[in-house]
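Worksheet for the structure shown next.
Throughout, read-outs are computed from the coordinates displayed, never taken from laboratory work. Quick caveat, the model's predicted, so the values are computed rather than measured. A quick note on method: Cβ atoms are made from the backbone with ideal geometry, for glycine too, and the neighbour counts reach across all protein chains shown.
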Amino acid sequence: MRLADYTDYTMRVLMYCAARPARLVTISEIAAEHGISRNHLMKIVTDLGRQGVLQTMRGRGGGLRLLKDPGQIRVADVIRAAETDFRLVECFDARTSRCTLTPSCGLKGLLQEAMQAYFTVLESKSLADLVTARPAGAQASATPITVHRSASAATATTAAGPGAPRRTRRSRDREHADA
């Protein structure tokens, strides 16, 4: 599952504000920090203002800040409000699903269970858990994000050795058809 850019940027705005509770921040400042379009951020900030999460002040000396304590803003609530579609597969929507496997398929149940676990984790975290307030002028530290793959997946892609071409689904299908 991948979050939409809109949701990613929404989280960045909220985290940026939460890390700077002592002052107003500007859309231009956030745009420059993250390399995001001001126009995209203006829409996000407007939506967050309507939701009662951000206070926005226009004009000279204006800016934005959180209206709620970061500990009261649940990550799951932000994600649910920002995302428009949580259908991981076609059969999640019974009205439009054309899958013929639905009556006997276990994939839908498995993915629903995974989605529930995903939201259980997000429900357990608040915006305060994601940020540490920094003094004015302090620079952010870049922390790399590591994606962990299962041992079998890592072995499958590295078993042929370094420099060997990766087998694609199409090449595996051809090998099975030839056998």
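Figures for the structure shown
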| read-out | value |
| --- | --- |
| Linear extension gain, Q55 paired with M15, 0.36 nm per residue minus alpha-carbon span | 13.0 nm |
| For D129, net neighbour charge (Lys/Arg +1, Asp/Glu -1) across residues whose Cβ lies under 13 Å away | 0 |
| Point-charge dipole on Cβ atoms (K/R +1, D/E -1) for the range 1-55, about Cα centre, debye to 20 | 100 debye |
| Cα shape, the range 39-82, gyration tensor, a/c 1.5 rule | oblate |
